[in-house]
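The values are calculated or read from the model by the stated rules, or taken from the named source; none is laboratory data. The shown structure was predicted, so the numbers you read here are calculated from the model rather than taken from an experiment. Every residue, glycine as well, gets a Cβ built from its backbone with ideal geometry; the counts of neighbours run over all protein chains shown.
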Amino acid sequence: MRGCLFVLVLAVIILSTAAWFGSPILASTVISGALDNAGYHAESSTVTATSDPPLKLLLGRADRVEIAGTGVDFRTFHAASLDLVLTDVDVLGHTAGRISGRIDGAEMTTTAGETTTADVTIDGVARAADALIVVDAATVRRVVTGTFQQKFGVAVSSVKLIAPATLRITAPGANVEGRVLVDADGAIAFSTSLGSSPILNLDPSFPLRFRSVRVDGGDLRIDAVLDTASLLGG
């Protein structure tokens with residue numbers, strides 16, 4: 001009887017130890033599967049889940065989840081890399097408390113059909129996290145010049161961003177000044193008294209939505225909101 005009891009106790013210890021050390025691997029695998037189902041793929045990617053105690057991970061709860069990847073695709077959205085940290089994560093419920101990190105080389109599309117990139121900084125409550133996208137002045141000039149050439153056949157000689165949200169365009173024989181804003185379709189647009197024309201779009205498959213835009217330090221700064229539940233497959 002003592003021998004049987006010893007074997008039983010030893011088995012419990014072994015199983016508990018395996019669960020203790022194996023739960024982070026299991027949780028990371030489950031989270032990776034949820035991301036895959038949501039449409040996330042990467043050339044290289046690591047998902048790390050931690051919790052105290054680790055056994056909480058067996059219940060689908062993680063104190064911290066870090067997602068790092070390069071050559072990232074989310075459905076039809078592309079980015080060079082991302083490094084995101086989520087806290088208080090409910091894996092099964094597809095929710096998190098907060099999210100922070102960066103998405104570098106996020107692709108945006110111009111009205112002329114060209115692709116340009118920008119970096120995104122994210123920090124906030126996960127269900128609607130604040131995100132900041134910075135588009136430098138040189139990129140804005142290139143995008144606006146290409147848009148006007150493609151849409152109106154006009155060769156633009158200069159493009160200037162003026163705080164808080166003014167865009168001044170100079171072309172042979174004409175100066176046009178208007179506001180940059182987020183239009184009803186969620187695109188960054190150039191608006192004048194004659195109408196509004198979109199100049200930059202983000203792929204709608206990624207759950208990042210433009211909220212407002214401003215000029216700061218000569219660059220275009222776009223305030224956006226990220227829906228983490230959609231990112232986790234919710």
Sole exception among (1) in a strand (DSSP E or B); (2) under 30 Å from ASP216 (Cα atoms); (3) not hydroxyl-bearing (Ser, Thr, Tyr) for HIS41, by number
(2)
Which of the residues that make up segment 113-135 are exposed (fewer than 15 other Cβ atoms within 10 Å of the Cβ) and either in a loop (DSSP other than H, G, I, E, B) or out of contact with any Asp or Glu (no Cβ under 8 Å at 6 or more places or on another chain) (or both)?
GLY113, GLU114, THR121, VAL125
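Could you tell me whether any residue of segment 7-26 is at pLDDT 65 or above and assigned by TED's automatic domain parsing to the domain that holds ALA126? Reasoning before the result, please.
Initially, segment 7-26 is screened for residues at pLDDT 65 or above, giving none.
No, because not a single residue in segment 7-26 is at pLDDT 65 or above and assigned by TED's automatic domain parsing to the domain that holds ALA126.
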Tell me which residues, restricted to segment 60-95, are of a type in the set (Gly, Ala, Ser), farther than 19 Å from ALA42 by Cβ and buried (at least 17 other Cβ atoms within 10 Å of the Cβ).
ALA62
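Listed here are the residues, each with its yes/no results for (1) within 24 Å of the chain's Cα centre (by Cα); (2) without any contact (Cβ under 8 Å) to a residue 12 or more places away in the chain; (3) under 25 Å from ARG98 (Cβ atoms); (4) outside the structural domain of LEU82 (by TED's automatic domain parsing).
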position: PRO164; (1), (2), (3), (4): no, no, no, yes
position: GLY178; (1), (2), (3), (4): no, no, no, yes
position: ASP185; (1), (2), (3), (4): yes, no, no, yes
position: ALA189; (1), (2), (3), (4): yes, yes, no, yes
position: SER212; (1), (2), (3), (4): yes, no, yes, yes
position: ASP219; (1), (2), (3), (4): yes, no, no, yes
position: THR228; (1), (2), (3), (4): yes, no, yes, yes
Scanning segment 188-228 for residues that are within 30 Å of ALA34 (Cβ to Cβ) and in contact with a Ser or Thr (Cβ under 6 Å, 6 or more places away or on another chain), which turns out surrounded by the most Cβ atoms within 10 Å (Cβ to Cβ)?
PRO207
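Being assigned to a helix (DSSP H, G or I) and under 18 Å from the mean Cα position of the chain (by Cα): is that true of ALA138 here? Outline the logic, then answer.
Working: assigned to a helix (DSSP H, G or I): yes; under 18 Å from the mean Cα position of the chain (by Cα): no.
No; evaluated as a whole, the condition is false for this residue.
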When ALA184 is evaluated against the numbered criteria (1) assigned to a loop (DSSP other than H, G, I, E, B); (2) within 20 Å of THR116 (Cβ to Cβ), which criterion, by number, is the only one it fails?
(2)
